[in-house]
Amino acid sequence: MPLARSVSVTSLTGLEDWEDEIDLENAVLFEVAWEVANKVGGIYTVLQTKAKITSDEWGENYFLLGPYLEQNVRTQVELIDPPHPAVRRTIDTMNAKGCKVYFGRWLIEGGPYVVLLDVGATAWSLDRWKTELWDSCTIGVPWYDREANDAVLFGFLTAWFLGEFVAQCEEKPFVIGHFHEWLAGIGLILCRTRKLPVATIFTTHATLLGRYLCAGSVDFYNNLHAFNVDKEAGDRQIYHRYCMERAAVHCTHVFTTVSQITAVEAEHLLKRKPDLVTPNGLNVKKFSAMHEFQNLHAQSKARIQEFVRGHFYGHLDFNLDKTLFFFIAGRYEFSNKGADIFLEALARLNYLLRVNGSQVTVVTFFIMPARTNNFNVETLKGQAVRKQLWDTANAVKEKFGKKLYESLLVGNLPDMNKMLDKEDFTMMKRAIFATQRHSFPPVCTHNMLDDSTDPVLNTIRRLGLFNSSADRVKVIFHPEFLSSTSPLLPVDYEEFVRGCHLGVFPSYYEPWGYTPAECTVMGIPSISTNLSGFGCFMEEHIADPSAYGIYILDRRFRALDDSCTQLTSFLYSFCQQSRRQRIIQRNRTERLSDLLDWKYLGRYYMSARHMALAKAFPDNFTYEPPEETAAQGFRYPRPASVPPSPSISRHSSPHHSETEDDDERYDEEEEAEKDRRNIKPPAMTGPVPEWRKPPKKGCSEASTSSNASTPTMPSSPSDLSSPTSSINEERN
């Protein structure tokens, strides 16, 4: 389902049209990945969201190759007969030789064709194919590594299919094979060793060795140049996988990565500099009404508030209208995803809010799937108590309304002493007594299988964040993916994100980062780092990211404690904003959606395909790389005005905040128009920067000036209009 956003005043134009000059009539694109119709990780999101724009470009000549997994095919794929004669003959030929190849449409937006290869049906060929791999590439695969064995089977089937397809075509087409990640790499290697007429592209979304190294306690980015890659891979028993990945990188015509930071990583670990950076995008759907995403935020926030009312029953001594919802989501990688530094910053934030007497309460959600055996009974009880109170209130309200109606009907004013009888008071007292609780609200919503060794829970115990009445920061650990069918928190992920105020993703290792990108498209401010692909992308394209609700945490040039202090400063300054300032910031954040739309970012994949065709078929295609100084994108300027806290705005919130100023007027249309006029088009995909080089003086000054090393309480509302806390206008 595409993410929705608004148009008109929240859109910044300025993207130059880039028309692909390739004649695609006799060209066929095969995109190969283990995640085709198989949700494993972020690559699934890349393929799913990019499918529509690629299908629009290539039409009937676009095919996705993936593994056949029956449980996924039942729900995601409609099996059909191949309309393309060459594809039909290819599948028939392979099936006649003992393979099981399926054809269908992937039931996503764009409805692309998929060719699914059953690796289990050809397991009898595994030893023979592993021998061929050793003879041709000197890559040995151990028998016990099932994932690597699946990669071998999948790769040989892919190469078999592509070779058979070329042979079955009467008029030889120009075939492009785009391979994602090491699991698909064997197919690419075989295409080159067998000299198939296929233009190849290999995209790494995260290097295999990089992910393993960052999982340990190593200073990864400061020692990229010093790693003995063969030894490191061997020590971690992934040398054969590393060889697959590195061989694919060096065999491919065009090598791409998803971000500049991953490009630097790949150059050191895989020993080849990427030809292009192809950032990940989202399929952005636009609303017809400008304020619609604001309304969705208010509606989704109300759903989260209902859950909080039940979860904190008996301890609901804080004002939900002055409560902010923060969240972190992703794979359960405690250090890589920055959960460690986030928890430490929350403890410091809790102290600052308490000593400064703040009335703001922060409820923080950790959405990280872990091993559990069931819901926590106390958590379920909280939702049952909330529902019981709601039913009691409705029953009393119905009786009260009936008596009031009958009294007015006969022309008498009601006697308030007779409106509620003894039975009503008894019912309400019983409901109130049911809300009594002698323990703190639970931190975890589920029963963890490894409670005593769980890193999140152990850190919470060490920091003392137990959701006590004195705590201004409450923590809820939800170790399961969100679902609209959950009996606990019945919302899907998109609705949950829309209802939150801030997404926090202080990752140490994040080649791209879809979670902050999804926040941006939905108009939710987020905190990312300069070690994530998304954070680097935004720093490159926005003059002042924090003014647009994109806070970039420095985890590259600061010690861990300093980064934690900076994160605390971000969180504390955000807590000091008025509701109207948050509204202004969300408007600005949502305006960046154009920057993350596949309609814009898809052109980098177009360029990669053009380059591959030129390298594989030089007699038929030419490719001239653009000048490094050419205007290939645009850079968002600083906002035309600092975000005031007005009493009047184009899209006002439901009611006025008590602390808002009345002397300034903020006009979203006027500010957006100024931003459009100020857009500057610098080079966007320049050379990969030297990673050891310190930040430019101007950038470091902007960072350090906006982010104090020690969080301090602003002395006046004007302090909140600095770049760090320039917060935009939306519904609370």
- Message: Less than 16 Å apart at the alpha-carbon level, and either on another chain or at least 8 residues along: which lysines does that give for LYS50?
- Response: LYS39, LYS285, LYS599
- Query: Can you pull the percent of the stretch 193-284's accessible area that's carbon plus sulfur, 1.4 Å probe, other chains left in place?
  - Reply: 48 percent
- What is the distance, in nm, between label points placed 7 Å from the Cα along the Cα-to-Cβ direction at TYR351 and at LEU408? 5.6 nm
- Note on the structure: Neighbours of TRP34 by Cβ distance under 10 Å: Lys/Arg at +1, Asp/Glu at -1, summed charge -4
- Message: I want to check the label-to-label distance for ASP81 and ASP492. Put each point 7 Å from Cα in the C-beta direction and report it in nm to one decimal.
- Response: 3.4 nm
- Query: ASN458 to PHE375: FRET efficiency via 1/(1 + (r/R0)^6), r the Cβ-Cβ distance, R0 25 Å, to the nearest 0.05?
  - Reply: 0.70
- Message: Less than 12 Å Cβ to Cβ from ASP219, Lys/Arg counted +1 and Asp/Glu -1: what total charge do the surrounding residues give?
- Response: +2
- Message: Quick check: residue separation of LYS418 and ARG74 times 0.36 nm, minus the Cα distance between them. What number comes out in nm?
- Response: 117.7 nm
- How high is the FRET efficiency from ASP391 to VAL40, r the C-beta distance, R0 35 Å, rounded to 0.05? 0.25
- Expected unfolding gain across ALA470-LYS273 under the 0.36 nm per residue rule, minus the alpha-carbon gap, is 65.6 nm
- Amide H partners (placed H, <5 Å) of PHE179, local residues excluded: VAL32, ILE201, PHE202, THR203
- Task: Could you do me a favour and compute the accessible area per residue for the stretch 447-520, 1.4 Å probe, result in Å²?
- Result: 31 Å²
- Message: Can you return the lysines within cross-link range of LYS195? Criterion is Cα-Cα under 28 Å, with same-chain partners fewer than 8 residues away left out.
- Response: LYS97, LYS100, LYS130, LYS172, LYS271, LYS273, LYS615
- Projected label distance in nm at GLN436 and PHE400, using a 7 Å step from Cα toward the beta-carbon: 2.4 nm
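The values are calculated or read from the model by the stated rules, or taken from the named source; none is laboratory data. Since this is a predicted model, take the numbers as computed values, not measurements. Every residue, glycine among them, receives a Cβ derived from its backbone with ideal geometry; neighbour counts consider all protein chains shown. Side chains included, ligands, DNA and RNA excluded: accessible areas come from the protein's heavy atoms. Shrake-Rupley method; radii C 1.70, N 1.55, O 1.52, S 1.80 Å.
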